[in-house]
1. Conditions: (1) within 14 Å of the ligand (Cβ to nearest atom); (2) of a type in the set (A, V, I, L, M); (3) at pLDDT 95 or above; (4) surrounded by fewer than 24 Cβ atoms within 10 Å (Cβ to Cβ). L349 meets all but one. Number of the miss?
2. Determine which member of the set V319, V332, V336 is at negative phi, surrounded by fewer than 23 Cβ atoms within 10 Å (Cβ to Cβ) and either in the same structural domain as A353 (by TED's automatic domain parsing) or within 16 Å of the ligand (Cβ to nearest atom) (or both).
3. Return only the number of the condition from (1) surrounded by 15 or more Cβ atoms within 10 Å (Cβ to Cβ); (2) within 16 Å of the ligand (Cβ to nearest atom); (3) over 15 Å from the mean Cα position of the chain (by Cα) that N151 does not satisfy.
4. Against the conditions (1) touching a helix residue (DSSP H, G or I) at 6+ places or on another chain (Cβ under 7 Å); (2) assigned by TED's automatic domain parsing to the domain that holds F255, where does L124 fall short? Just the number, please.
5. Scan the range 116-148 for residues that are buried (at least 18 other Cβ atoms within 10 Å of the Cβ), in a loop (DSSP other than H, G, I, E, B) and on the phi > 0 side of the Ramachandran plot and report the count.
6. Based on what the data block shows, is L230 at pLDDT 95 or above, in contact with a Ser or Thr (Cβ under 8 Å, 6 or more places away or on another chain) and surrounded by fewer than 20 Cβ atoms within 10 Å (Cβ to Cβ)?
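The values are calculated or read from the model by the stated rules, or taken from the named source; none is laboratory data. Model, not experiment: these values are computed from the prediction. All Cβ positions, glycine included, derive from the backbone under ideal geometry; neighbour counts span all protein chains shown.
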Amino acid sequence: MTDATATTEPSAPLAHHRLGLLVGDGIGREIVPATRRVVDAAVAVAGGPDIEWVTLPFGAEAIVTDGAPLPERTLDALGDLDGWILGPHDNASYPDRYRGGTAPGGAIRKRFDLYANIRPARTLPGVRATCPGMDLVIVRENTEGLYADRNMAVGSGEFMPTPDVALAVGVITRAACERIAHTAFDLAARRRKHVTVVHKANVLTLTTGLFRDVCREVGAMYPSVTIDELHVDAAAALLVRDGARFDVLVTENLFGDILSDLTGELAGSLGTAPSINASARKAMAQAAHGAAPDIAGRDVANPTALFLSAAMLLERLAVSGPSYLADAARAVESAVDRCVGGGLATADLGGTASTTAFTDAVIEAIAS
Ligand code: ATP
């Protein structure tokens with residue numbers, strides 16, 4: 001990672017940061033360029049040098065230019081970056097022969113071992129949410145569980161011995177549980193100091209039982225953080241009934257995928273639900289929602305989720321990078337809060353603002 005502070009010349013100009021940009025499909029063509037504008041504005045206000053954007057082929061356009069939705073040259077280029085913004089991909093729109101195998105987003109997570117999917121759900125000011133006051137983070141293990149397309153070194157964990165029998169192999173390892181548990185407890189220590197371990201150890205005794213046990217062991221190393229646990233079905237019910245009581249939830253891949261869509265919607269809209277996928281060395285901003293082909297190309301998509309995902313990315317990069325990145329992250333979050341809190345809303349939140357108008361307003365708020 002570029003560390004602009006590690007110079008012997010105090011007056012030397014700050015080194016610029018390089019970030020990848022993968023536009024993708026559907027509303028990605030609208031919200032990814034909008035996010036780039038917002039990040040540029042925030043970094044400028046924070047006093048940082050211009051971001052060097054590295055635009056990489058990805059999605060349907062990459063099928064045309066490179067013969068694959070996730071070309072090898074894109075993966076190679078990502079290897080040289082410590083952060084990037086990933087637009088949504090719409091596999092369903094690809095020709096048949098590009099639809100099998102690992103989905104592009106999953107393939108990137110697997111290639112760079114982005115083991116932590118961090119998905120906050122926070123009710124934004126002024127948003128009428130099913131669960132007002134929700135402010136939680138789901139920490140989802142991202143590499144194993146029942147995700148058959150990525151939980152094997154070779155081949156797939158899902159197979160059919162006969163046309164009428166389908167099997168899926170779930171994988172839970174101590175090493176993966178340990179690192180995701182540390183991610184969750186580290187995060188909780190900086191928040192309201194509570195972790196809920198979500199599992200189904202009454203039925204999936206060995207697999208999610210191992211997940212639960214390792215989380216308990218890791219939790220014991222964080223005496224300032226309280227820990228409790230819930231079966232995933234009970235967690236779903238409690239999130240709907242009283243979502244504001246939760247701080248950090250840590251869970252395995254499939255449970256986290258489902259629960260985080262639920263919490264995104266409970267907090268307001270999937271259109272406001274951000275996420276990053278991270279390893280110790282790399283991070284990828286990716287909105288929790290998909291390509292939304294039903295509204296693509298109409299300038300109505302809510303770009304908030306990707307704006308806030310990009311802010312999470314900047315904050316993460318600031319941990320070992322220049323501090324202007326953290327200032328820029330805060331500028332994005334504050335501007336979004338002020339715009340949404342002031343009543344500006346895209347259609348998914350009951351408003352009439354276009355993607356462009358919303359983006360312009362956020363950029364104006366960043367500058368003010
Ligand atoms: P995927 O499988 O890739 O997650 P999906 O079709 O299941 O895709 P989305 O693409 O997230 O799910 O869309 C679900 C619904 O939410 C659609 O009606 C879509 O229009 C809406 N939606 C998703 N993202 C946004 C957004 N950013 N702004 C407004 N509406 C959105």
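1. All conditions are met except number (3).
2. Going through V319, V332, V336 in turn, the sole match is V319.
3. Going through the list (1) surrounded by 15 or more Cβ atoms within 10 Å (Cβ to Cβ); (2) within 16 Å of the ligand (Cβ to nearest atom); (3) over 15 Å from the mean Cα position of the chain (by Cα), N151 breaks only (2).
4. All conditions are met except number (2).
5. Result for the range 116-148: 0.
6. yes
Results for (1) outside the structural domain of I180 (by TED's automatic domain parsing); (2) crowded, with 16+ Cβ neighbours inside 10 Å; (3) more than 29 Å from F185 (Cα to Cα), shown as yes or no for each residue.
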site	(1), (2), (3)
G26	yes, yes, yes
A34	yes, yes, yes
A41	yes, yes, yes
G47	yes, no, yes
E52	yes, no, yes
A77	yes, yes, yes
R99	yes, no, yes
L114	yes, yes, no
